[in-house]
Structure formats: structure tokens, C-alpha cells
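Colleague: Got a structure for you, written out below as C-alpha cells; questions coming shortly.
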Amino acid sequence: MDLRILSYNIHRAIGVDRRFRPERIVKVLDHYDADIVLLQEVDVGVPRSRELNLARELAESCNYPYFAVGLNVQLRKGMYGNATLSRYPIARERNIDLTLDGRKSRGCLFTELELPSRAAFPLLPVFNLHLGLSFKERPQQVGRLVRTPEFTSLTVEAPCVVAGDFNDWWTRLAPLFTEALGFVCATNHGLGYQNAILTYPSFSPSTGLDKVFCRGPITVLGGKRCRLRVSKVASDHLPVIVDLQM
């Protein structure tokens, strides 16, 4: 079966023009019509975004029947974190805390998706993360993630997707996944993990912070970044879109 995955740091639906315009995010999501959407910086109950549950609003606006939210950062009023929207039922979910002492709260939203009965593997584990800004903390956060029971229970033969905003400016984290953990990077030009698809800043991208890794019986059919004009202002990141075949 074929799967399309989109990963997008939506910057709370506040664009580079500093305007809260969730309809711009909806336009991008509708255009690419992914099966699984992985979002970062999603507000819930925050005044700057009209105290909306942005995950629910986007899921309903884009006709995703299933969604999960993992909130990490507590504000004076409301919180924000990661959200996963899905065409397929969510059998299991947990928000994994990746916060290190003295650092900003970070997390990874784990969901286990129930694929159609014709699929060889009925469940697809998906890890939707947003890592820290400091180079020193990101490898520690990956280490914490791969020691969780959700990750250690997976065999290398089973399908698995890890995606999100890695904040990996110099592509130093990618070898941990491709060489140590047996993943394939779906968001690069050619083989390996170099030549990442550039996503940040959205108006003139110079680095690839947003990545998708997959493992197991998954073939990468292609990966790209959003080319819609609206995406240059809708957020400070561009979304990445990958097509996979299981």
C-alpha cells in the first residue's frame, strides 16, 4: 500500500507576517492530501490563537477523522506541542517527555495507527517529535526516545516512522538514525542523509530542519517540500511531503 506523510512546523498558524491565519495552513494541508500529517508548534487554549484547539480545528477543516495531541510547553494560559492527524484509526498514543534539566520543554508524540486490513503489517508506529535548539541536548533527546518501551519493543523488520522538526542545522543527527538505527532518510536529495530538502526559513530556505525517517518494509517513492506560494508566509517553516510504499 502507498502512504503519503506530511511533516510541518506550523508556528502556531502565525505566519511570518505575524498574523494568525489557520486557513493558510488548511490550504497547504488540503493541497497535498496526506494520509498522515505530523504537526509541531500546535496551540491549545492559547490567547494568541483565539484559545482554539488547533489540532481539532485543523483535523475537522481538512477532514481527518482521527487526531492526537501531545502538549509540552505550558504558557500563562494554554499549552502547545505536537499533533498527529490521520486517515487511519489511532490504536494507541502517548506523549513522550524529552525535556532535559534546565532546558525548554520538548516532546515526541507516539501514535500507533491501524492500517487497512490488506496491509501486511496492521499497525504503523509513528513518532512525531520536536527537538531542542542546542546541539548538546538533541543527541540526548534522541537517546531518551530510543530507550522508551514504544521504541525498544520494535524489531528492525517492523515498519516505523520518525519525523518532525529536528532543529538539526548541520545534519549531525541523521547518522544516528541511518547508520546506528537502520533508518532511511526520506527527506534528502539522493541516497544517504546529506543534501537535505531545505525547509527553513520558509521565505528563503537555507537548511533542512524538518525530516522524515523510516525503517522496515518501506520504500521511499519520493520526497519534496511545499512549493505553494502561501507556504512562504503561512509559517516560518515549509512542510516536507514524502510518498512511501509498504
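Colleague: Taking the options ARG92, ARG4, ARG18, ARG76, name whichever one is assigned to a strand (DSSP E or B), open to solvent by 50 Å² or more (accessible area, probe 1.4 Å) and more than 18 Å from GLY107 (Cβ to Cβ).
Modeller: Exactly one residue qualifies, and that residue is ARG4.
Colleague: Within the range 148-192, take every residue that is of a type in the set (A, V, I, L, M) and part of a loop (DSSP other than H, G, I, E, B) and give me the one that is nearest to GLY222 (Cα to Cα). First the steps, then the outcome.
Modeller: Within the range 148-192, the subset of a type in the set (A, V, I, L, M) is 154, 156, 158, 161-163, 173-174, 176, 180-181, 184, 186, 191.
Those still in the list that are part of a loop (DSSP other than H, G, I, E, B) too: 154, 156, 158, 173, 181, 186, 191.
Details: LEU154: 25, VAL156: 22, ALA158: 21, LEU173: 21, LEU181: 21, ALA186: 7, LEU191: 11 Å.
Top of the filtered list is ALA186.
Colleague: A follow-up question, please. Yes or no: the range 199-206 includes at least one residue that is part of a loop (DSSP other than H, G, I, E, B), touching a Gly at 6+ places or on another chain (Cβ under 9 Å) and of a type in the set (Ser, Thr, Tyr).
Modeller: Within the range 199-206, one or more residues are part of a loop (DSSP other than H, G, I, E, B), touching a Gly at 6+ places or on another chain (Cβ under 9 Å) and of a type in the set (Ser, Thr, Tyr).
Colleague: Which residues, taken from the range 105-147, are farther than 17 Å from GLY182 by Cα, at pLDDT 95 or above, of a type outside the set (A, V, I, L, M, F, W, C) and not in a helix (DSSP H, G or I)?
Modeller: Hits for the range 105-147 are SER105, ARG106, GLY107, THR111, GLU112, GLU114, ASN128, HIS130, GLY132.
Colleague: Got a number for residues in the range 207-236 being assigned to a strand (DSSP E or B) and either more than 16 Å from the chain's Cα centre (by Cα) or surrounded by 23 or more Cβ atoms within 10 Å (Cβ to Cβ) (or both)? It would help to see each step written out before you state the result.
Modeller: Going through the range 207-236, the residues assigned to a strand (DSSP E or B) turn out to be 207, 210-215, 219-225.
Cutting the leftovers down to either more than 16 Å from the chain's Cα centre (by Cα) or surrounded by 23 or more Cβ atoms within 10 Å (Cβ to Cβ) (or both) gives us 207, 210-214, 219-222.
Final tally of qualifying residues: 10.
Colleague: In the range 186-205, what residues are modelled with pLDDT under 95 and surrounded by fewer than 21 Cβ atoms within 10 Å (Cβ to Cβ)?
Modeller: As a first pass, look at the range 186-205 and keep what is modelled with pLDDT under 95: 188-196.
Residues satisfying the conditions are HIS189, GLY190, LEU191, GLY192, GLN194, ASN195.
Colleague: Of the conditions (1) without any contact (Cβ under 8 Å) to a residue 40 or more places away in the chain; (2) touching a Leu at 6+ places or on another chain (Cβ under 9 Å); (3) polar (S, T, N, Q), SER153 fails just one. Which one is it?
Modeller: SER153 satisfies every listed condition except (2).
Colleague: Of all residues in the range 93-111, how many are over 12 Å from SER134 (Cβ atoms) and within 17 Å of the chain's Cα centre (by Cα)? Outline the logic, then answer.
Modeller: Here is the first cut: in the range 93-111, the residues over 12 Å from SER134 (Cβ atoms) are 93-99, 101, 105, 107-111.
Pick out the ones that are also within 17 Å of the chain's Cα centre (by Cα) and you get 93-98, 105, 107-111.
Qualifying residue count for the region: 12.
Residue by residue, here is whether (1) touching a Phe, Trp or Tyr at 6+ places or on another chain (Cβ under 9 Å); (2) open to solvent by 50 Å² or more (accessible area, probe 1.4 Å); (3) at negative phi holds:
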{"position": "LEU124", "(1), (2), (3)": "yes, no, yes"}
{"position": "GLY132", "(1), (2), (3)": "no, no, yes"}
{"position": "PRO149", "(1), (2), (3)": "no, yes, yes"}
{"position": "LEU238", "(1), (2), (3)": "yes, no, yes"}
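The values are calculated or read from the model by the stated rules, or taken from the named source; none is laboratory data. Small disclaimer: the values here were computed from a predicted structure and weren't measured. Here Cβ is always computed from backbone atoms with ideal geometry, including for glycine, and neighbour counts include all displayed protein chains. Surface accessibility is based on the protein's heavy atoms, side chains included, excluding ligands, DNA and RNA. Shrake-Rupley method; radii C 1.70, N 1.55, O 1.52, S 1.80 Å.
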